[in-house]
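Chemist: Take this structure, written in structure tokens, and hold onto it; I'll ask about it next.
Just so it is clear, none of the values below were taken in a lab; they were calculated from the coordinates. Since the model is a prediction, treat every value here as computed from it, not as a measurement. Quick reminder, even Gly has a Cβ in these numbers, built from the backbone with ideal geometry, and neighbours come from all protein chains shown.
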Amino acid sequence: MDAHRSHPKFKFDTLLKSIFEHSAKEILNALGFHFTLEEPIRSELAELSQKLVPDYLYRGTLETQNGTESCIIHMEFQRTNDPKMLFRMGEYLFRIHRMINTQNYKIIQFLLYFGNEKNTMRNEWEQSIDGCSVSYRFNVIDTKRIDAEPFLNDTNLDVNLLGFLCNLNRVNDFLGKIKEYLNKIGNKQSDEMREYLAKLLVIADLKGFTNQMLEVYEKMGFEVKLEELPLTNKIYQKGKAEGKAEGKAEDIKKILRKRFPDIDITDLEFIDELAMQQNMKKLDQALLLSIEANNIQEFQEKLNG
């Protein structure tokens, strides 16, 4: 569970837990780990007034080349780098052993990292001195390193959602993949459809494709209005504002390039900065000046004056 979480992070953690509760086996299989899940372990690992709540804890069996083996699967979801994550995972391991693992099952630990920054968290530690040694390691799955296409092509909606959290750079026809997902949920009951819409919008906000999602969503004419859903209202409004600012910035750049064909592309970078700041007052002024200014120097001077 993310430390130092804010309200948006809480929503994201809840979303991930919901995805795994619905389709944990399918998602783990898609990631290359073949488990049979038997039952969830609902437990707060409280000890000496310090409470740890695992994001995901299940009893199950792991299918290997040598047969099957009973195990406990522990998984934590992380969207920010935590320099203490190695020791937090170790603390989970020992508490699970002491407080839950009465049958002495092997424990398999995963850290799923969904952040946009490069993962800097260590996942192994060892030391040795005078014949005494300690070695510890857990599995890290960094979704930025995973090709999204196979997950987006899956028939399972929760696996699709995992795909949207993976590396989207090589996805063919990304807008088409969003449309396919929305078509699938269009056949769901109203409450379930709203839930899957909200999940995708939260992921889109994290991964930076809110505008693309809204573009496809609005063309499809869904009866459900994202702005009316409590979970997604702020993200929807933010996406609409960003889209409006980006659209105006593109109009300004098109006019300037048409009027001044020799313009240096670096002279237009500050227009994108205004869009990122959603400075609509300056963008409105820039749009008017892009039509009236006699040259790019005059445009810049009047805009900055």
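Chemist: How about the range 93-153: which GluC sites (Glu not before Pro) there are in a DSSP loop, with at most 15 other Cβ atoms within 10 Å of their Cβ?
Modeler: Loop-located and lightly packed - Glu117.
Chemist: So if R0 is 30 Å, what FRET efficiency would Asp284 and Lys219 give, r being the distance between their Cβ atoms, rounded to the nearest 0.05?
Modeler: On the way: r = 27 Å, r/R0 = 0.89.
According to the calculation, E is roughly 0.65.
Chemist: For Glu91 and Ser190, what does the FRET efficiency come to when R0 = 45 Å and r is the distance between their Cβ atoms, rounded to the nearest 0.05?
Modeler: Once rounded, the FRET efficiency stands at 0.60.
Chemist: Shifting gears a bit: Give the value in nm², to one decimal: projected area of the alpha carbon convex hull of the range 72-201, averaged over all directions.
Modeler: Across all orientations, the range 72-201 yields a mean hull projection of 11.2 nm².
Chemist: Sticking with this one: What's the magnitude of the charge dipole for the range 149-231 around its Cα centre, counting Lys and Arg as +1 and Asp and Glu as -1 at the beta-carbon? Answer in Debye, nearest 20.
Modeler: About 180 debye.
Chemist: Also, I was wondering about something else. For the range 149-231, would you read off the P(r) tail past 19 Å as a percentage of all alpha carbon pairs?
Modeler: 29
Chemist: Going down the table (Lys179/Lys253; Lys106/Lys188; Lys179/Lys258; Lys184/Lys281; Lys179/Lys282), which pairs top 31 Å between alpha carbons?
Modeler: In this structure, Lys106/Lys188; Lys179/Lys258; Lys184/Lys281; Lys179/Lys282 lie more than 31 Å apart at Cα.
Chemist: Right, next: Can you give the charge dipole size of the range 76-152 about its Cα centre, rounded to the nearest 20 debye, using +1 on the beta carbon of Lys and Arg and -1 on the beta carbon of Asp and Glu?
Modeler: With Lys and Arg at +1 and Asp and Glu at -1, about 200 debye.
Chemist: Based on other C-beta atoms within 10 Å, arrange Met193, Met213 from fewest to most.
Modeler: Listing Met193, Met213 from fewest to most nearby Cβ atoms yields Met193, Met213.
Chemist: Subtracting the Cα-Cα distance from 0.36 nm times the residue separation, let me have the gained length for Ser43 to Arg98 in nm, one decimal.
Modeler: Stretched fully, the Ser43-Arg98 segment lengthens by 18.5 nm.
Chemist: Could you work out the pair-distance distribution P(r) of the range 7-145 from its alpha-carbon pairs, with 10 angstrom bin width and percents rounded to whole numbers?
Modeler: Pair shares across the bins are 10, 38, 39, 11, 1.
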